[in-house]
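Taking it in order: structure first as structure tokens, then the write-up.
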Amino acid sequence: MTDDARRRLPPVHELARDDLIERFGRARVTEAARAVLADARAQAGCGDAPEAGTLAQQLQARLQPQQLPAINATGVVLHTNLGRAPWSTRAIAAASEAAGYCTVELDTHGQRGRRGAEVEERICALTGAEAAVLVNNGAAAVLLCLRELARDRQVLVSRGELVEIGGGFRVPDVMAESGAKLIEVGTTNRTHLRDFERALSPDVAAILRVHHSNFRQVGFVAEASLRELCALGPPVVVDVGSGALFEIGDEPTVAAQLRDGATLVCFSGDKLLGGPQAGIIVGKAEVIDRMRKQPLLRALRPDKVTLAALGATVDDWLTGTTVPVRAMIEAPIEALRAAAQTWLEAMPAHVEAELLEVDGAIGGGSVPGQRWPSIALAIRTPNPIKLQAALRHQDPPVITRVHRDQLLLDPRTVAPLGQGDALVGALLDALEHA
Ligand SMILES: *Cc1c(COP(=O)(O)O)cnc(C)c1O
């Protein structure tokens, strides 16, 4: 009986259709088909072999690319799992142009030019920094700073700032990778200037300050000001994470950190700046010039496409063009309500839907713990998880939040990108099939 079920399974070459091979290549399709059939044989061993149609679907699902363009209806502007910042029009165009030959290391006189030099100049103009150097992400920026200033020497960090950001970024681990020796100062909730003073010694090469990014300390807490730390003597490295360039909540701005005396400030390109994944280090020219000679920099340097997109994003800021991240963060609540209202009106009569005031979040380690009120379309259904999954399987996938028995769709990360109609289409389809 079960042997019979096994015998009914199609051979690999039948399952691996020509159209699939054309699209994904023979090697991948054959391997995926073998894996689908192995699962099916195991299932047949228990008595029920899957239908041919089911097998074809399973194969298709295995071959489906994991990374697809998506609609972010979570309202979380800098959603790390969704690629953080959506780029500006100018950044997208610049990246696409840079994909061909481009003068990434050639200056206008035909001489060898330093990669990224001009983008660094623009970043200095934007932040008021003396110098800048670019790497692949924020983590690499911190690593390079510590390696330069404190390899085999001590770095002071407040115990309240030994944070984990997510995606494996933990301050003590990055410190260990850099070769610097971590000296913990103060306590989890209160670290005073005198704690740093007591820890000072000729072995101390730097002080590191880290933005809390994804949590907030309230209650009986204290920390030394950046100005005070900078007056102690050793160079101060500030990992601000998001790197605000405009007033947003109490997020520290890059320029303010430099004004307060930081030697180096690190931030990410794809958080509040709103550009590609990159790590930006700004600060004292003398230190940054030394950093450029580090062999490690060669391993961390960004590619031409990143440089082009980053340069274009900085141009947006310099010329007063609002990047999408900022437009979404600053979207007026009335505009969000109007967008959600349009979605609500498109819902069929039998769907139980309403507009709901929700607490959004900016994400990407920006303004932690701060409410970012929004208006969502809330759909009440006995099984919101099932509807959420159905939306994820749309083309393009729609990513949502679920709260209790409601599925929430937040226009903040949809409407400013002009994706409202696509979202409604996907929602109607998912409601029909979920
Ligand atoms: C986000 C963040 C990082 C990591 O930056 P990536 O660009 O994700 O590598 C490091 N430190 C802080 C404080 C952050 O918020």
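Is it the case that some residue within segment 234-248 is away from the ligand (no atom under 11 Å from the Cβ) and over 27 Å from the mean Cα position of the chain (by Cα)?
Checking segment 234-248: at least one residue is away from the ligand (no atom under 11 Å from the Cβ) and over 27 Å from the mean Cα position of the chain (by Cα).
Looking only at segment 284-319, how many residues end up being within 16 Å of the ligand (Cβ to nearest atom), touching a strand residue (DSSP E or B) at 6+ places or on another chain (Cβ under 7 Å) and not aliphatic (A, V, I, L, M)?
Final tally of qualifying residues: 2.
Filter segment 193-215 for residues that are more than 28 Å from residue 268 (Cα to Cα) and either polar (S, T, N, Q) or within 16 Å of the ligand (Cβ to nearest atom) (or both) and give the result.
201
Out of 232, 273, I need the residue that is under 23 Å from residue 175 (Cα atoms) and in a loop (DSSP other than H, G, I, E, B). Which one?
232
Residue 220 is checked against (1) open to solvent by 30 Å² or more (accessible area, probe 1.4 Å); (2) touching a strand residue (DSSP E or B) at 6+ places or on another chain (Cβ under 6 Å); (3) away from the ligand (no atom under 16 Å from the Cβ) and fails just one. What number does that condition carry?
(2)
Kindly establish whether residue 147 is touching an Asp or Glu at 6+ places or on another chain (Cβ under 7 Å) and not polar (S, T, N, Q).
No, not satisfied.
So, in segment 252-270, exactly how many residues are part of a loop (DSSP other than H, G, I, E, B) and either open to solvent by less than 10 Å² (accessible area, probe 1.4 Å) or more than 11 Å from the ligand (Cβ to nearest atom) (or both)?
5
Here is a list of conditions, (1) touching an Asp or Glu at 6+ places or on another chain (Cβ under 6 Å); (2) surrounded by fewer than 18 Cβ atoms within 10 Å (Cβ to Cβ), and residue 367 meets all of them except one; can you say which number that is?
If we test residue 367 against (1) touching an Asp or Glu at 6+ places or on another chain (Cβ under 6 Å); (2) surrounded by fewer than 18 Cβ atoms within 10 Å (Cβ to Cβ), just (2) comes out false.
Given the condition more than 23 Å from residue 365 (Cβ to Cβ) and not in a loop (DSSP other than H, G, I, E, B), answer yes or no: does some residue in segment 155-178 qualify?
No, segment 155-178 contains no residue that is more than 23 Å from residue 365 (Cβ to Cβ) and not in a loop (DSSP other than H, G, I, E, B).
Report every pair of residues separated by at least 6 positions or lying on different chains whose Cβ atoms are under 7 Å apart, first residue within segment 294-313 and farther than 22 Å from residue 324 by Cα, second in a helix (DSSP H, G or I) and open to solvent by 30 Å² or more (accessible area, probe 1.4 Å).
294/147; 294/148; 296/147
The rows are residues; the columns are (1) open to solvent by less than 50 Å² (accessible area, probe 1.4 Å); (2) at pLDDT 95 or above; (3) within 16 Å of the ligand (Cβ to nearest atom).
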| site | (1), (2), (3) |
| --- | --- |
| 92 | no, yes, no |
| 103 | no, no, no |
| 114 | no, no, no |
| 119 | yes, yes, no |
| 138 | yes, yes, yes |
| 142 | yes, yes, yes |
| 150 | yes, yes, no |
| 153 | no, yes, no |
| 167 | no, no, yes |
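Which is in contact with a Pro (Cβ under 9 Å, 6 or more places away or on another chain) and open to solvent by less than 10 Å² (accessible area, probe 1.4 Å), of 243, 275?
Result: 243 is the single residue among 243, 275 that is in contact with a Pro (Cβ under 9 Å, 6 or more places away or on another chain) and open to solvent by less than 10 Å² (accessible area, probe 1.4 Å).
Return the pairs, sorted by first residue and then second, in which the second residue is open to solvent by 10 Å² or more (accessible area, probe 1.4 Å) and part of a helix (DSSP H, G or I), the first residue lies in segment 228-251 and is small (Gly, Ala, Ser), the beta carbons are less than 7 Å apart, and the residues are 6+ apart or on different chains.
Cβ pairs passing all conditions: 241/138.
Would you please list the contacts, defined by Cβ atoms under 6 Å and residues six or more apart or on different chains, that run from a residue in segment 154-171 that is free of Cβ contacts under 8 Å to residues at least 40 places away in the same chain to a residue that is open to solvent by 30 Å² or more (accessible area, probe 1.4 Å) and among the small types (Gly, Ala, Ser)?
169/139
List every residue pair whose Cβ atoms lie under 9 Å apart, where the two residues are 6 or more positions apart in sequence or sit on different chains, the first residue falls within segment 256-281 and is closer than 23 Å to residue 207 by Cα and among the acidic types (Asp, Glu), and the second residue, located anywhere, is open to solvent by 20 Å² or more (accessible area, probe 1.4 Å) and away from the ligand (no atom under 14 Å from the Cβ).
260/225; 260/227; 260/230
So, restricting to strands (runs of 3 or more DSSP E) that lie completely within segment 315-413, which ones have at least 3 residues that are at pLDDT 95 or above, of a type outside the set (D, E, K, R) and touching a Cys at 6+ places or on another chain (Cβ under 6 Å)?
Qualifying strands (runs of 3 or more DSSP E): none found.
Just for segment 2-21: of the residues that are charged (D, E, K, R) and in a helix (DSSP H, G or I), which one is most open to solvent (accessible area, probe 1.4 Å)?
Here the residue is 7.
Check off (1) open to solvent by 30 Å² or more (accessible area, probe 1.4 Å); (2) outside any loop (DSSP other than H, G, I, E, B) for residue 207 and give me the number that stays unchecked.
Only one criterion in (1) open to solvent by 30 Å² or more (accessible area, probe 1.4 Å); (2) outside any loop (DSSP other than H, G, I, E, B) is unmet by residue 207, namely (1).
Can you pull out every residue in segment 40-90 that is among the small types (Gly, Ala, Ser) and within 16 Å of the ligand (Cβ to nearest atom)?
The answer is 83, 85.
If you scan segment 174-204, which residues turn out to be in contact with a strand residue (DSSP E or B) (Cβ under 8 Å, 6 or more places away or on another chain), small (Gly, Ala, Ser) and surrounded by fewer than 16 Cβ atoms within 10 Å (Cβ to Cβ)?
176, 201
The values are calculated or read from the model by the stated rules, or taken from the named source; none is laboratory data. Remember, predicted model here, so these are calculated numbers, not experimental data. All Cβ positions, even for glycine, are placed from backbone atoms using ideal geometry, and neighbour counts span all protein chains on display. Surface accessibility is based on the protein's heavy atoms, side chains included, excluding ligands, DNA and RNA. Shrake-Rupley method; radii C 1.70, N 1.55, O 1.52, S 1.80 Å.
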